[in-house]
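The values are calculated or read from the model by the stated rules, or taken from the named source; none is laboratory data. Quick caveat, the model's predicted, so the values are computed rather than measured. Please note that ligands, DNA and RNA were not included when accessible areas were found on the heavy atoms of the full protein model with its side chains. Shrake-Rupley method; radii C 1.70, N 1.55, O 1.52, S 1.80 Å.
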Amino acid sequence: MAHKISEECISCGACAETCPVNAISQGDTQYQIDPDVCIDCGACEDGCPVGAIKPEE
């Protein structure tokens, strides 16, 4: 189960810097996580300063 970035994202890029498999990239309006690459490690969730990343349900 991958993580998901919510609309609370401020596009700071902190999550992309913490991802060990480069699953996060800048989208049209905010960063996005590629679920096929995400290894569900949670590093991005810990690195997000606004709490915009949560595990997908």
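Below, the figures for the structure above:
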read-out	value
Accessible-area composition of the chain, carbon plus sulfur, in percent [1.4 Å probe]	45 percent
Accessible solvent surface per residue of the chain, calculated while the other protein chains remain in place, 1.4 angstrom probe, Å²	65 Å²
Extension reserve of the E7-T29 stretch, reckoned as 0.36 nm per residue once the Cα distance is removed	7.0 nm
